[in-house]
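K.L.:
First, the structure itself, so that you have it in front of you.
The values are calculated or read from the model by the stated rules, or taken from the named source; none is laboratory data. Owing to the predicted nature of the structure, the values given are computational and were not obtained by experimental measurement. Here the Cβ positions follow ideal geometry from the backbone for every residue, glycine too, while neighbour counts run over all protein chains shown.
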Amino acid sequence: MSNLSIRFATPNDAPVIFELVQALASYERLTHEVTSNADDFRNLLAGGGANVEVLLADWSGQTVGFALFFQNYSTFLGKPGFYLEDLFVRPEYRGRGIGTKLISRIIDIAKERHYGRVDWTVLDWNESAIKFYTAKIGAKFLGSWRLCRVVLD
């Protein structure tokens, strides 16, 4: 694992973040839904008002994965938490512990900040991600909850 480093993204990382977002969309067969661009991520990380953070995984100096997350809040716990929007590692770098390190770092950050939980969703067809989250991370699926979304123009 000495080839791996995890770091917070800066505005200068916007092009590689967008490249990874495009790779994620391709993997999930959702390229038609991508309307963002590198400038969106540059502005976001430069202090665009949103409470969004991005971790990057560098393997031997090359950025090969990312995790984008933001603060949410649990009224039941009375504490903030994180919602993990996206976690992606380039397919050719999977199996090296990179995804585990990314999500473990988010969990550690949540603990450091005294947050109550970390939430995310996974596509029902993505068996490898489901196995990763349950076996490696110990995640539990909330069968009684369904994701709802309203997309605004």
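K.L.:
On the given criteria, is ALA50 over 15 Å from the mean Cα position of the chain (by Cα), farther than 24 Å from LYS111 by Cα and among the aliphatic types (A, V, I, L, M)?
P.N.:
no
K.L.:
Just name the residue that is surrounded by the most Cβ atoms within 10 Å (Cβ to Cβ) out of those in the stretch 91-132 that are among the aliphatic types (A, V, I, L, M) and under 19 Å from ARG29 (Cβ atoms).
P.N.:
Result: ALA129.
K.L.:
With respect to GLU85, is the statement that it is at pLDDT 95 or above, under 22 Å from SER26 (Cβ atoms), surrounded by fewer than 16 Cβ atoms within 10 Å (Cβ to Cβ) and under 12 Å from the mean Cα position of the chain (by Cα) true?
P.N.:
yes
K.L.:
In addition: Hey, can you tell me all the residues within the stretch 75-91 that are of a type in the set (A, V, I, L, M) and assigned to a helix (DSSP H, G or I)?
P.N.:
none
K.L.:
Kindly indicate the residue of the stretch 1-15 that is of a type in the set (Gly, Ala, Ser) and more than 14 Å from VAL52 (Cα to Cα) and also surrounded by the fewest Cβ atoms within 10 Å (Cβ to Cβ) among those meeting that condition.
P.N.:
Applying the filter and picking the extreme gives SER2.
K.L.:
If we keep just the residues of the stretch 109-139 that are aliphatic (A, V, I, L, M) and either farther than 20 Å from ALA9 by Cα or not in a helix (DSSP H, G or I) (or both), which is farthest from the chain's Cα centre (by Cα)?
P.N.:
Among them, the one singled out is ALA135.
K.L.:
Taking the criterion of being touching a residue at least 24 places away in the same chain (Cβ under 8 Å), assigned to a strand (DSSP E or B), within 25 Å of ASP13 (Cα to Cα) and of a type in the set (Ser, Thr, Tyr), would at least one residue in the stretch 92-108 satisfy it?
P.N.:
Checked the stretch 92-108: no residue is touching a residue at least 24 places away in the same chain (Cβ under 8 Å), assigned to a strand (DSSP E or B), within 25 Å of ASP13 (Cα to Cα) and of a type in the set (Ser, Thr, Tyr).
K.L.:
Of the residues PHE76, PHE88, PHE69, which single one is touching a residue at least 60 places away in the same chain (Cβ under 8 Å) and aromatic (Phe, Trp, Tyr)?
P.N.:
PHE88
K.L.:
What are the residues in the stretch 109-130 that are over 25 Å from ARG149 (Cα atoms) and without any contact (Cβ under 8 Å) to a residue 24 or more places away in the chain, if any?
P.N.:
LYS111, GLU112
K.L.:
Here's a follow-up. Do we find a residue being of a type in the set (Phe, Trp, Tyr), in a strand (DSSP E or B) and closer than 19 Å to ILE6 by Cα anywhere in the stretch 47-63?
P.N.:
yes
K.L.:
Something else now. Give the residues of the stretch 29-62 that are β-branched (Val, Ile, Thr), in contact with a Leu (Cβ under 7 Å, 6 or more places away or on another chain) and either farther than 12 Å from ASP13 by Cα or surrounded by fewer than 18 Cβ atoms within 10 Å (Cβ to Cβ) (or both), sorted by residue number.
P.N.:
Answer for the stretch 29-62, where residues must be β-branched (Val, Ile, Thr), in contact with a Leu (Cβ under 7 Å, 6 or more places away or on another chain) and either farther than 12 Å from ASP13 by Cα or surrounded by fewer than 18 Cβ atoms within 10 Å (Cβ to Cβ) (or both): just VAL52.
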